[in-house]
Amino acid sequence: MNILGISCGFHDAGVTVLDEKTGDIKFASHSERFSKKKHDPDLCPDILDHAKSYGNISKVAYYENHWLKKVRQLRARQPVDWSFSLSGVLQDQLSPDLLSKELVSFGHHKSHAAAGFQTSPFSDTTIVVIDAIGELDTISIWDACYDPQGNAMYKLLWKQGYPHSIGLFYSAFTKKVGLRPMDEEYILMGMAAYGKAYYEQNILNRLVSSMHPPKFTENLHSGVPDSFILGNNDYDIACSVQNVAEEMINGIMSKSRLIGKSNNLVYAGGVALNCLANRNLGNFYDNIWIMPNPGDAGSSLGAAALAYGKQVNWKDASLGYDIKGDYPVKQLLDELQTNKIVGVANGRAEFGPRALGNRSLLADPRGDDIKDKVNDIKRRQHFRPFAPVILEEFAEDYFDMPKGFEKSPYMQAVAYCKYPAKFPAIIHKDGTSRVQTVPKGNSGIRRLLEAWMTLTHCPMLLNTSLNVRGEPMVNDINDAARFENEYGVKVCS
């Protein structure tokens, strides 16, 4: 029997199937991968049918408290669905057979916290959750541990309430520069390297009433007020916003270190995807765990973990749809040698927004023209950076890995490259790279990198997700074939 964890209704719906006896994660994925709608907020029938194929469902765990969410919607003067029961809230999301199961729900931030802690290697930890908004909370700090029976125990230490939100602040300026909020915040982060923080003081004077804790003079839920006029250099705006956000995050981390009991950090919530800010986390904690899907889709795992109650069996992020067959190392090598760029769609898809080698577009990082070519394929702006995937034992030889991220299997922090001139395809304007390290073992991407190293004496490849801007990542073999036909890149499966 399995627990079905779900997150849905706002953005990035997700599903997790967790064995209720063993704690094994049988399946975890994003609704968008099955519906083909980017950031799909709803649970499509195909992903639910696939989830059911892993065995009987005994319980459905929902990732937030629907009553508290209604309170916040009232405060924000948003439309409120007055369904009185959890089954009423979910009747448009779940099939009748699933609605008939036991339904349980948990707080939004607690689901984020559990997705982090109960997948982490830690027996005790301090948890920091920073996102746009839960039901009422926007930031929370927790202590967590396991009791003698192995039950996960949580103690809320501090929280920040709506509308004071680092996530909403960042999303508001994402919209301000013409990008899509709740979608393209990562582009704003990439733009920061091209600008100067000329507007930082203006932002602090006009919009920020307190840095520690973060408080704002305006409710930024609907965007930056029209009355707040900045210059027209979007790169300078991005740099200024990134600086303010980093200072606020650093303040929260400092506070958590003072009031929390542990030197282990679990960091969760959508803001935990800001890999530029994450480079500073080692200034506060020695040991850091960020589950590779820390946003709302990952909270489907958090809800299932809370219903399970104990540490779940986390192995890696390869938890999604399975394209069966041996990893095509020889085909990939041949294509890399011939055309320098190749796609791969093999094995289980990654759970999280970043491809880690199973649904990836790979390229030789040494070519001067590779970055522009890959950006053209993906229909992205040419300033956008790409990440290197590297054999773990060589990471320190090529990058100044930040403290706490000496091993970075989930591409969660930036590091400065020691030889930027040699690898122009994976170097951003500020000299950083978002490094993914691959440990020793028998994973497909590991075997490919070892073969590439033998062939070229280069221990890394450029790695980006196998999709184009505005589309979900390739999921199944039909998606892979369509990508190859439409975008002219060989995809090996």
Going through the stretch 1-60, which trypsin sites (Lys or Arg not before Pro) have at most 12 other Cβ atoms within 10 Å and a DSSP loop state?
Lys21
Can you pull the one-decimal nm distance between simple spin-label points at Asn56 and Ile477, each 7 Å off the Cα toward Cβ?
3.2
How large is the Rg to Rh ratio of the stretch 161-213 when both quantities use alpha carbon positions and Rh follows Kirkwood?
0.97
Of the beta bridges DSSP finds with both residues in the chain, what % are antiparallel, to the nearest 5?
70
Would the stretch 232-391 count as rounded, prolate or oblate if I go by the C-alpha gyration tensor, calling it rounded below 1.5 in a/c and otherwise prolate when a/b exceeds b/c, oblate otherwise?
oblate
Candidate cut points under trypsin sites (Lys or Arg not before Pro) in the stretch 419-488, DSSP loop plus at most 12 other Cβ atoms within 10 Å of their own Cβ, are Lys440
Net charge over other residues, Cβ less than 9 angstrom from the Cβ of Ser240 (K, R count +1; D, E count -1)
-1
Treating only the Cβ of Lys, Arg, Asp and Glu as charged (+1, +1, -1, -1), what charge dipole size does the stretch 109-294 show about its Cα centre? Round to the nearest 20 debye.
240
The chain: relative contact order in percent, alpha carbon pairs under 8 Å with at least 6 residues between:
16
Which net charge results for the neighbourhood of His109, defined as the other residues with beta-carbon distances under 11 angstrom from its beta-carbon, given Lys and Arg at +1 and Asp and Glu at -1?
-2
Calculate one ³J(HN,Hα) per residue across the stretch 133-143 by plugging θ = phi - 60° into the Karplus curve 6.51 cos²θ - 1.76 cosθ + 1.60, and present them in order as whole Hz with x for glycine and proline.
6, x, 6, 10, 9, 10, 9, 8, 10, 9, 9
How much mean residue ellipticity at 222 nm does the chain get from its helices, if each DSSP H run of length 4 or more adds -39500 (n - 2.57) and you divide by all residues, to the nearest 500 deg cm²/dmol?
-9000 deg cm²/dmol
Classify the stretch 318-492 as rounded, prolate or oblate from the Cα gyration tensor: take a ≥ b ≥ c as the square roots of its eigenvalues, call it rounded if a/c is under 1.5, otherwise prolate when a/b beats b/c and oblate if not.
rounded
Specify whether the C-alpha gyration tensor of the stretch 78-196 places it in the rounded, prolate or oblate class, a ≥ b ≥ c being the square roots of the eigenvalues: rounded for a/c under 1.5, otherwise prolate if a/b is larger than b/c and oblate if not.
oblate
Beyond 29 Å (Cα-Cα) in this structure, taken from Lys70/Lys159; Lys324/Lys378; Lys215/Lys378; Lys37/Lys330; Lys373/Lys440; Lys340/Lys403, we find Lys215/Lys378; Lys37/Lys330; Lys373/Lys440; Lys340/Lys403
On alpha carbon coordinates alone, what is the Rg over Rh value for the stretch 109-294, Rh being the Kirkwood radius?
0.99
Packing-based ranking, highest mean first, of 361-368, 85-92 given that Cβ atoms within 10 Å are counted
361-368, 85-92
Can you give the local net charge around His50? Use residues other than it whose beta-carbon is closer than 13 angstrom to its beta-carbon, Lys and Arg +1, Asp and Glu -1.
0
Tell me which of Ile187, Gly161, Met473 sits at the most positive position along the dipole axis of the chain, charges placed on C-beta atoms (Lys, Arg +1; Asp, Glu -1).
Gly161
Sorted from fewest to most neighbouring beta carbons within 10 Å, what does the list His66, His457 look like?
His457, His66
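Values in this text are rule-based calculations from the coordinates and carry no lab data. No experiment lies behind these values; they were computed from the predicted model shown. Backbone-built Cβ (ideal geometry, glycine too); neighbour counts: all protein chains shown.
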